[in-house]
Amino acid sequence: MPLARLKVFISWSGDRSRRVAEALRDWLPYVFPLIDPFLSTEDIEKGAKWNQVISGALEQSDLAIICLTPENLMSPWLLFEAGAVAKRVDSRVWTYLFGLGYTDVKDPLSQFQHTAATKEDTRKLIATLNHRLGEGGHPPDRLTKSFETWWPELAVRLRGVPENSPVPTNPRDPIKHIEEMTREILERVRENSRKPTFDSADVYDDDDRVDISSVVTSVIVQQLRENGIPYKAVAACEDGAFGIFQADKGWRIEKTIGEDFALGRLTLTELFAGATQEANPCKPIRAAGRPDMAANHPSNRKKESGSPKGIEARPPAGNSARKPPPRGSDAG
């Protein structure tokens, strides 16, 4: 009976992260011939639908290595891909830190085991992968010899990664970039499941899971800020819904409505029209956004007296429904 091969999804976002990921992708099969690493820059055939290929690779992978650098710590792509693998029952996700210390990584990625891009920390990661290979793994002495033989090659590749991320000639609006990626992430989540989206219980619990609903709350927070609407918190709820908490009222937003809003299918006015006003919208599992915007904040003085308190009558600019943009060269 042939030995089982181990599929490892390598996730990246940004130029330096991509270079680290490419180095790991090329290096791992030398140490473990039975490991099949997947990297989007190398393992998608020309003409293939990258969205379907990546979704399929995530579905088949029980293990993932997330290549983190200082500039991509909160990349929505990395959060999505980490969560897509972590939701599997026997999965494991590791972060690979380049130019970072353990304490630099914040939630939700701080829940995973960290590996610094050093010889000794990489050795520990290799030992864990060897254990996951079971009968296909190396005996201890052979594992040590294999690692010592091939580590210099990875070390050279890592030293070739720039110390600082290159500055783009035409820098993108970071908020616009996050919104575009969020819409496409949600489309991929829905494509990956027969359900409208993942249940929060499927993608977050005490055993190394990531909450995909955080990308929805981040879009709601951004639109509230842009439109000068005061709020105390925007929360993902235990039952899958979302809640907007204001000083004197709350709004309950059902799961599908919140997701459609994040995808750009609903305006902010339509979001509130589909919400129900409740003193206590739900029991939150976590809240997003800054604390309450004071009533005398300059952005709140522009509201017309006839508008309901805390709700802007006009829809936010650029919130019309549209298809997700094509995946760029900055995530994997």
Task: Members of segment 78-110 found to be under 12 Å from the mean Cα position of the chain (by Cα), farther than 18 Å from residue 125 by Cβ and of a type in the set (A, V, I, L, M, F, W, C), listed by number - done: 79, 80, 84
Open item on the list: Can you confirm whether residue 222 is closer than 27 Å to residue 112 by Cβ and modelled with pLDDT of 80 or more?
Closed with: yes
TODO: Considering every residue within segment 124-131, establish whether at least one is touching a Lys or Arg at 6+ places or on another chain (Cβ under 6 Å) and either touching a residue at least 12 places away in the same chain (Cβ under 8 Å) or outside the structural domain of residue 148 (by TED's automatic domain parsing) (or both).
DONE: no
Task: Residue ranges of strands (runs of 3 or more DSSP E) in segment 50-137 with at least 3 members in contact with a His (Cβ under 8 Å, 6 or more places away or on another chain) - done: 92-97
TODO: Among the candidates 242, 261, single out the residue that is crowded, with 20+ Cβ neighbours inside 10 Å and modelled with pLDDT of 90 or more.
DONE: 242
Open item on the list: Residues to consider are 229, 244; find the one that is assigned to a strand (DSSP E or B) and among the β-branched types (Val, Ile, Thr).
Closed with: 244
TODO: Tell me, yes or no, whether segment 83-95 has at least one residue that is buried (at least 18 other Cβ atoms within 10 Å of the Cβ) and under 24 Å from residue 162 (Cα atoms).
DONE: yes
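The values are calculated or read from the model by the stated rules, or taken from the named source; none is laboratory data. Predicted model only: the values in this text are computed from it and were never measured. For neighbour counting, all protein chains shown are included, and Cβ atoms are generated from backbone atoms with ideal geometry for every residue, glycine included.
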